[in-house]
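Participant: Attaching a single structure in structure tokens format; questions to follow.
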Amino acid sequence: MSLADLSSTLWRVREMLDLLLFKLEEEQLVLAAGKTRWLPHATREVEMVLEQIRRAEVLRAAQVDEVAAELGLPPAPSLSALADAAGGPWAELFTQHRTAFLTLTAEITALAEANRELLTVGSRAVHEALMNVTGSVATYGRSGETVTAGRSSRLVNEAM
């Protein structure tokens, strides 16, 4: 396994992470626009990209182990360790890959969290709307049975 092959795989993983970021942003736009009709499609696309990333990660891990053995490193070294051991132009390239992965991971994490928050807010809004319209909402209990959640008591601070 060559350093060039590993670098090519790292580029592909970066492209897939970039695509994941795009798909998460699409999902966020669907959520923010309230177009719930398209939410299953957007979510399915995110899941498809995640599956592609999982497959690429298996290949990347195998290639990293092979390159590590060639460089005299223990299995599963970090990109920093590979950069240090590779030297020359490879060190700079692996350092750039590492920086890009850290940046993409932070952006993906933040966007996924924002999407989760939008989903939670939307779910609460639907729940409250159903409570206002019907007076109760059917949910599921601990053992999976359907239970009705009625209006709950509310404490009102009259001093306000």
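The values are calculated or read from the model by the stated rules, or taken from the named source; none is laboratory data. This one's a predicted model, so the numbers in the text were calculated from it and none came from an experiment. Using ideal geometry, Cβ is built from the backbone for each residue, glycine included, and neighbour counts are taken over all protein chains shown.
Participant: Out of Thr95, Thr105, report the one residue that is surrounded by 12 or more Cβ atoms within 10 Å (Cβ to Cβ), polar (S, T, N, Q) and within 18 Å of Ser8 (Cβ to Cβ). Show your work before the answer.
Facilitator: On the way: Thr105 fails: within 18 Å of Ser8 (Cβ to Cβ).
So the residue among Thr95, Thr105 that is surrounded by 12 or more Cβ atoms within 10 Å (Cβ to Cβ), polar (S, T, N, Q) and within 18 Å of Ser8 (Cβ to Cβ) is Thr95.
Participant: Which of (1) surrounded by 15 or more Cβ atoms within 10 Å (Cβ to Cβ); (2) more than 17 Å from Ala4 (Cβ to Cβ); (3) polar (S, T, N, Q) does Ser80 not meet, given it meets every other one?
Facilitator: (1)
Participant: Oh, and also: Quick check on my filter: what residues within region 37-69 are among the acidic types (Asp, Glu), more than 18 Å from His97 (Cβ to Cβ) and over 13 Å from the mean Cα position of the chain (by Cα)? Working first, answer last.
Facilitator: Quick first cut of region 37-69, residues among the acidic types (Asp, Glu) only: 45, 47, 51, 57, 65-66.
Still in the list and also more than 18 Å from His97 (Cβ to Cβ): 45, 47, 51.
None - no residue of region 37-69 is among the acidic types (Asp, Glu), more than 18 Å from His97 (Cβ to Cβ) and over 13 Å from the mean Cα position of the chain (by Cα), so the list stays empty.
Participant: Okay, next question. How many residues, within region 60-92, are closer than 14 Å to Leu10 by Cα and assigned to a helix (DSSP H, G or I)?
Facilitator: 14
Participant: If you scan region 1-47, which residues turn out to be in contact (Cβ under 8 Å) with a residue 60 or more places away in the chain, farther than 25 Å from Ala83 by Cβ and charged (D, E, K, R)?
Facilitator: Hits for region 1-47 are Glu25, Glu27.
Participant: Only one residue in Val137, Val67 is modelled with pLDDT of 95 or more and over 18 Å from Leu17 (Cβ atoms), so which one is that? Break it down into steps so the answer makes sense when it comes.
Facilitator: Values: Val137 fails: modelled with pLDDT of 95 or more.
That would be Val67, the only listed residue that is modelled with pLDDT of 95 or more and over 18 Å from Leu17 (Cβ atoms).
Participant: Continuing with this model, one more query. Specify the residue that is nearest to Arg60 (Cα to Cα); the eligible residues are those in region 24-36 that are under 12 Å from the mean Cα position of the chain (by Cα) and crowded, with 20+ Cβ neighbours inside 10 Å.
Facilitator: Per the stated criteria, the residue is Leu24.
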